[in-house]
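The values are calculated or read from the model by the stated rules, or taken from the named source; none is laboratory data. As the structure is a prediction and not an experimental result, all values here were calculated from the model. Virtual Cβ from ideal backbone geometry, glycine too; neighbours counted across all protein chains shown. Ligands, DNA and RNA are excluded from the accessible area calculation, which covers all protein heavy atoms including side chains. Shrake-Rupley method; radii C 1.70, N 1.55, O 1.52, S 1.80 Å.
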Amino acid sequence: MAIAVSSENFLNHDLRRYERQIILSDWGIETQKKLKRAKVFVAGAGGLGCPAALNLALAGVREIRICDFDTVELSNLNRQFLHQEQSIGTNKARSAQETLSSINSEICVEPIPHKITEHNVDGFVGDAQVILDCLDNFSGRYTLNQCAIRKGVPMVHGAIWGFEGRITFLYPPATPCLACIFPKAPRREQSPSVGAVSCATGSLQALETIKFLTGIGSPLSGRMLILDFSTMQFQELEVPRDPQCPVCGELSSKLKAQS
Ligand SMILES: [Zn+2]
């Protein structure tokens, strides 16, 4: 396939590696270069984080920071495919980094083997352009949500429960924040998980991230996609912003004051 290289910075090697996405009519070399400069933060290297990070690495996202304090257990291996049997007992972020780097050695994967807290989250996220919420607990999700608002970057929220996946793109004030949708954390229980469900949902989180980074398509703004994989019926819920939201409400007053 003959594709003209528009810049000497873009190597023929890149052209070959990413050819099948570059030939998309909306994509091209300039779009691929955006991914070559992109930085993302993936919170969680579990059922959602594995497929999300994998698809970002495959697409050529330049820098992926992946954060997980937990260690790989046998019961993770029905879905968390970046970890292997020999990874059991090792840190998940490091194990994910090893696999991702073996799949794409041209990107930078930084493992962060720590638990996210309100004190360390800003430093861990750094200058990432997007936060992927691939966690399994709401205290961590709320911490990420606040960080995303402070930094003015979007957060792609994903969750699964059994055969159901949920995903939405959060970027207030244009969309709600996580606390607008879930003012209170749902009761925490161990989620039943099927690998194909978390893989599909995490892959969609990667896709929302790629769309934002490249400017292609339209994000799930103000919409939550509910995926019932047991019947393959997908529905979309409107998720409005709460103007009184204690987390992102202040953001609107600040923006109003500036205008
Ligand atoms: Zn809010």
All conditions in (1) away from the ligand (no atom under 16 Å from the Cβ); (2) touching a residue at least 60 places away in the same chain (Cβ under 8 Å); (3) hydroxyl-bearing (Ser, Thr, Tyr) are true of THR175 except (1)
Quick one: how many residues across the stretch 223-245 are more than 12 Å from the ligand (Cβ to nearest atom) and open to solvent by less than 90 Å² (accessible area, probe 1.4 Å)?
-> 10
Result of the Cβ filter at 9 Å on the stretch 90-113, keeping first residues that are under 13 Å from ASN55 (Cα atoms) and partners that are among the basic types (Lys, Arg) and in a helix (DSSP H, G or I), at least 6 apart or interchain, is ASN104/ARG17; ILE107/LYS36
Among the candidates SER218, SER193, single out the residue that is open to solvent by 60 Å² or more (accessible area, probe 1.4 Å), polar (S, T, N, Q) and more than 16 Å from the ligand (Cβ to nearest atom).
-> SER218
State whether the residues of the stretch 179-186 include one that is buried (at least 17 other Cβ atoms within 10 Å of the Cβ), assigned to a loop (DSSP other than H, G, I, E, B) and modelled with pLDDT of 95 or more.
-> yes
Test LEU54 against the stated conditions and say whether it is touching a residue at least 12 places away in the same chain (Cβ under 8 Å), surrounded by fewer than 24 Cβ atoms within 10 Å (Cβ to Cβ) and under 25 Å from PHE169 (Cα atoms).
-> yes
